[in-house]
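Have a look at the structure below before the remarks.
Bear in mind these aren't lab numbers, they're just calculated from the coordinates by the rules spelled out. Computed from a predicted structure; not experimentally measured. Glycine also receives a Cβ, built like all others from the backbone with ideal geometry; neighbour counts cover every protein chain displayed.
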Amino acid sequence: MVTKGNAYGRDEHGKAIVWSSQGQQVMMEWEKAYMEACVDALGVRSTDRVLEIGFGLAYSATQIQTYRPASHTIIECDQAGIQQAQAFAEANGQEREVVVVQGTWQAMLPTLGTFDCVFFDDYPLPELEETTTTTTQTQGRSRWHDFLDVVLPHCVQGARITGYLARDVGLTRAGCDVHVRDFVVDAPANCTYYPHEHALVPVITVTDDVVARNCVRQRVQHRLDHVRGSLLVQAVEHTHSHATNDDSMDAEDNEESRYASYGSRREFLAALRHQAGKTA
């Protein structure tokens, strides 16, 4: 799934900014130092294969390239971002492999190989949203947890994962060491999406890839079992409420994942099913 809504420009102070199709601030220049700190925490080596989720203003991508990794794969789902990322790849891919993968990580990550370092900074674009809301069981669940379920099977022994994190969401996983440190940020007054003075720099290190993958397999099976149960409950509710075809979505579409309010939920469940098949 590729969207076409983002716009790149300058804010009223002349600082770089990305807006969504609905005028929401997606990323601003003040994030540069924080993005660089997250990348630095990965300890990228020249032999590493690096995966980056979300291109944004190229702050993380540029910092990744300072370490001259063996390969750099960027997954981007917005058309404007894809164009920016492709220009970046052309400028930086002369000596090292820099590849842009078009689509959401939910759809594209299961098609890729393994990585040594991962940088995660995705954003729920309005084009992927719908009017339905998440269920009680899935409200408040961080996108980080869903991402780890999909990415860990693509991480080799010793792999490191980091990314944008505003609050501690409990990233502990079997087979992984998790370290989180505080980082002081200076979001300007015109920033509408980040009211905090601090951000977090997480580093998840895969210490036992077999244990980590087995943990994912168990979590995926639990999620799929939950989905099946939710489908049955919703089917009964639809029957009793006499919902019309125009007013109701099919049960599977509405309950596939935490992203029940996003168009990418189908892709996420497909990713879970893919992982279940690979790890069974």
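Here the residues Ile64, Ile82, ranked from fewest to most Cβ neighbours within 10 Å of their Cβ, fall in the order Ile82, Ile64.
Per-residue Cβ neighbour counts within 10 Å put Tyr8, Tyr193, Tyr164 in the sequence Tyr193, Tyr8, Tyr164, beginning with the fewest. I need the shape label for the range 7-208. Rule: rounded when a/c is under 1.5, else prolate if a/b > b/c, else oblate, with a, b, c from the alpha carbon gyration tensor. The shape class here is rounded. Expressed to the nearest 5 percent, the antiparallel share of DSSP beta bridges inside the range 7-208 is 50 percent. For the pair Leu112 and Gln157, label points projected 7 Å from Cα toward Cβ lie 2.3 nm apart. Count Lys and Arg as plus one, Asp and Glu as minus one, and take only other residues whose Cβ is under 13 Å from that of Gln63; the net charge is then -3.
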